[in-house]
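To start, the structure itself, in structure tokens.
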Ligand code: AMP
Ligand code: MG
């Protein structure tokens, strides 16, 4: 009999991996702005200049001195001298004098001397070089001031930021065409089991097709990594050790599915135990997914996932996805997620000292979203196909009552 599990919580498991993980785990690289989309900045970005580089109008209208419009109303409009106009894409080229107004298009450069813009709707060209203004403006109204988006020298994006479309746009606005980002994590995927055959083969009696390689590879892609598949390995320690060595040499993180428990055909713990520093934990306080192994070998994390497809995918969510998406668990935890608020349709029990990940189907009912548990064995992949999301029953709770509010995360 091999040694029994001494389980750790998901948080403890993350802590153990974090502490073992070298700072230099993922290399960094320069990327063209568009290929940096979805990736993490590897260095702080400071604004090299003011954005916008000059004060601009946000409306079509007249650039004015705000104080020249004070007291203007529809019945008692103010009169201003119309003195020239600002051309789009050109320097303002003239200075606004007291008592005058300069025509300015949306995005045009505010002329020196002006401190506000009156929308054209509140003016009238009454001829004779005069306009009327029938509503006052305050200083700064209808203007984006120079440096209002960001000021030169300001820290605009911190190292570790994931580049969404808005960040890509800001970088373009500041003149960056290349940025330093964390390299995409290459994730080796090994499936194990004497009974597993590739999906293209017809299984003989007793054999089943490989689900995990494909489901996990898709999860890796979805989380911002690059899957590298190493195929199916028999339950032979030396075989697994050989393929693991190759995967460790070629990738940044390795996932091994199957063989992670303590049975006689379960080789993963033995093989990971041969590495340096080796196994960090064996057993996770989570359901499904208890027989999970975490190791660090040659500076790279190796996660031994349970063979049951639903368990493997749930553990991927808990341990692998945050690391791929954020490069570190602490960064992932600092980011609030936006899970859906839903109402649980039935009571659920959970053992003490264990986190339960319950797959749920979401149904809109009037104003409410109902979370309907999809119950079923973790060996059934169809439970995941049927589910829209997952809810977590924390360690401290022994269950949830039907009708209670729950937060559902994406699956
Ligand atoms: P194990 O963790 O190796 O004991 O496997 C647990 C269950 O998951 C067994 O029924 C295996 O046949 C099944 N299983 C293991 N690996 C895979 C895989 N790659 N695809 C589908 N099922 C698997
Ligand atoms: Mg197996």
For residue 125 and residue 148, extending 7 Å from Cα along the Cα-Cβ vector and measuring point to point gives, in nm, a value of 2.6 nm
Restricting to Cα pairs under 8 Å and 6 or more apart, the percent relative contact order of the chain works out to 16 percent
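Please arrange 148, 355, 367 by how many other C-beta atoms lie within 10 Å of their C-beta, fewest to most. Before the final figure, lay out the partial values.
Details: 148 14, 355 22, 367 5.
Result, fewest neighbours first: 367, 148, 355.
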Taking the chain and counting helices only, DSSP H stretches of n ≥ 4 at -39,500 (n - 2.57) each over all residues, the nearest-500 ellipticity at 222 nm comes to -5000 deg cm²/dmol
GNM of the chain, Cα pairs under 10 angstrom: of 251, 106, 268, the biggest fluctuation goes to 106
Here the alpha-carbon Rg of the chain over 2.2 N^0.38 Å rounds to 1.40
With the 8 Å Cα cutoff and a minimum separation of six or more residues, the stretch 74-125 has a relative contact order in percent of 34 percent
Residue 73 and residue 245 label points (each 7 Å along its Cα→Cβ direction) are spaced in nm at 9.1 nm
Rounded to whole angstroms and listed largest first, the alpha-carbon spread of the stretch 252-391 along its three principal axes comes to 56, 35, 27
With Cα coordinates, the longest principal axis of the chain makes an angle with the long axis of helix 10-20, in degrees rounded to 10, of 80 degrees
Rounded to the nearest Å, the spacing of the alpha-carbon centers of the stretch 87-136 and the stretch 175-194 is 53 Å
Helix 212-222 sits off the longest principal axis of the Cα atoms of the chain, rounded to the nearest 10 on a 0 to 90 degree scale, by 20 degrees
Quick note, the stretch 340-409: a/c under 1.5 would make it rounded; otherwise a/b > b/c is prolate and the rest oblate (a ≥ b ≥ c, C-alpha gyration tensor); here it is oblate
Expressed in nanometres to one decimal, the distance between label points 7 Å along Cα→Cβ at residue 35 and residue 87 is 4.0 nm
Here the Cα Rg-to-2.2 N^0.38 Å ratio for the stretch 133-230 is 2.05
per DSSP, antiparallel bridges as share of beta bridges in the chain, % nearest 5, sits at 70 percent
Computed over the stretch 56-144, the Cα gyration tensor eigenvalues, each multiplied by 5 and square-rooted, give semi-axes in Å (largest first) of 19, 13, 11
Contour minus Cα-Cα span, residue 201 to residue 18, at 0.36 nm per residue, comes to 61.9 nm
Taking Cα atoms only, helix 237-250 is inclined relative to the longest principal axis of the chain by an angle, in degrees rounded to 10, of 20 degrees
Expressed as a whole-number percentage, the relative contact order of the stretch 56-144 with C-alpha contacts under 8 angstrom and at least six residues apart is 44 percent
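No value in this document is a laboratory result; all are computed from the given coordinates. On a predicted model such as this, the values are computed, not experimentally measured, just so you know. Note that we place each Cβ from the backbone using ideal geometry, even for glycine, and neighbour counts take in every protein chain shown.
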